[in-house]
Amino acid sequence: MDEHTKHWLLLGREHYQKREFDRAEPLLRQVLEKSDRLADVHDMLGVICHARGNFAQAEHHFERALAINPSYTEAALNLAVTNNDRGKYEAARQIYARIRTLASDGATALDPFARGKIANMHAEVAQAYADAGMVHDAIIEYDRAVRLCPQFADLRTKLGTLLRETGDLSRAREQYQAAIEARPTYVPARVQYGVTLLALGENDAAAEQWQTALELDSDNVPARMYLRILQAESSHAAP
């Protein structure tokens, strides 16, 4: 995230906390134009839209926040309230039930929202290390994030890619497999898993991952390009 975007995010959060929604919204939307992976930005925009009676747009933002961070309890509660306001009572009931299940999970003393927030903080530190070329330190931070939230497919995918860069293909493979198991429709995990399988000499398995990625996202350029390259090499190698 560049300095301008960080500045917009800081100001946007300040105005939001003061309930200055008219000033917060344009700043937060500028942040989204630069990065669509910030769950709390979507949650804040959802609250703003809900306050204005735009329930459909609020629902969109809360759902997006939960897609980024499935353990985001606050966004889940906000989505449940919005569903109630839209007459989607069964959907709201299911969300409340899921929140209660997460809260009663004795596997960790941390609230799911806290776990997700801390995991994302570790991920931000990891990305800073990676940007500075300190790959091993980045791996340590991503590993901490994954331990907190093993269901976050995006964090596992990033960890797997860094592990592959260090030559640890076996651990990279484990991370991609876990990411796909947690979220089968997460295309970046399948694309990167295919790259790793290719590096391991498992061409057919790599092609299968890229083909699945294209079935999920027909416009995915990397998957389409990798498949073409693999097919071209296979045709040249044929007698």
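The values are calculated or read from the model by the stated rules, or taken from the named source; none is laboratory data. Keep in mind that what you see is a predicted model, and the values were worked out from it rather than measured. No Cβ is skipped: glycine too gets one built from the backbone with ideal geometry, and neighbour counts run over all protein chains shown.
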Inset, instruction - Look through ALA119, ALA138, ALA130 and report the one residue that is under 21 Å from TYR186 (Cα atoms) and surrounded by 15 or more Cβ atoms within 10 Å (Cβ to Cβ). - result: ALA119
Inset, instruction - Tell me, yes or no, whether the stretch 10-24 has at least one residue that is at pLDDT 90 or above, outside the structural domain of ALA153 (by TED's automatic domain parsing), among the aromatic types (Phe, Trp, Tyr) and surrounded by 14 or more Cβ atoms within 10 Å (Cβ to Cβ). - result: yes
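Restricting to the stretch 22-39, name every residue that is closer than 25 Å to GLN127 by Cα, without any contact (Cβ under 8 Å) to a residue 60 or more places away in the chain and part of a helix (DSSP H, G or I).
Just the residues of the stretch 22-39 that are closer than 25 Å to GLN127 by Cα, to begin with: 27-39.
Retained after the next criterion (residues that are without any contact (Cβ under 8 Å) to a residue 60 or more places away in the chain): 27-36, 38.
Passing the criteria: LEU27, LEU28, ARG29, GLN30, VAL31, LEU32, GLU33, LYS34.
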Legend entry - Scan of the stretch 165-189 for residues that are more than 13 Å from the chain's Cα centre (by Cα) and part of a helix (DSSP H, G or I), ordered by number: GLU165, LEU169, SER170, ARG171, ALA172, ARG173, GLU174, GLN175, TYR176, GLN177, ALA178, GLU181
Inset, instruction - Within the stretch 212-226, identify whether any single residue is out of contact with any Ser or Thr (no Cβ under 6 Å at 6 or more places or on another chain), modelled with pLDDT of 95 or more, among the polar types (S, T, N, Q) and not assigned by TED's automatic domain parsing to the domain that holds ARG37, and answer yes or no. - result: yes
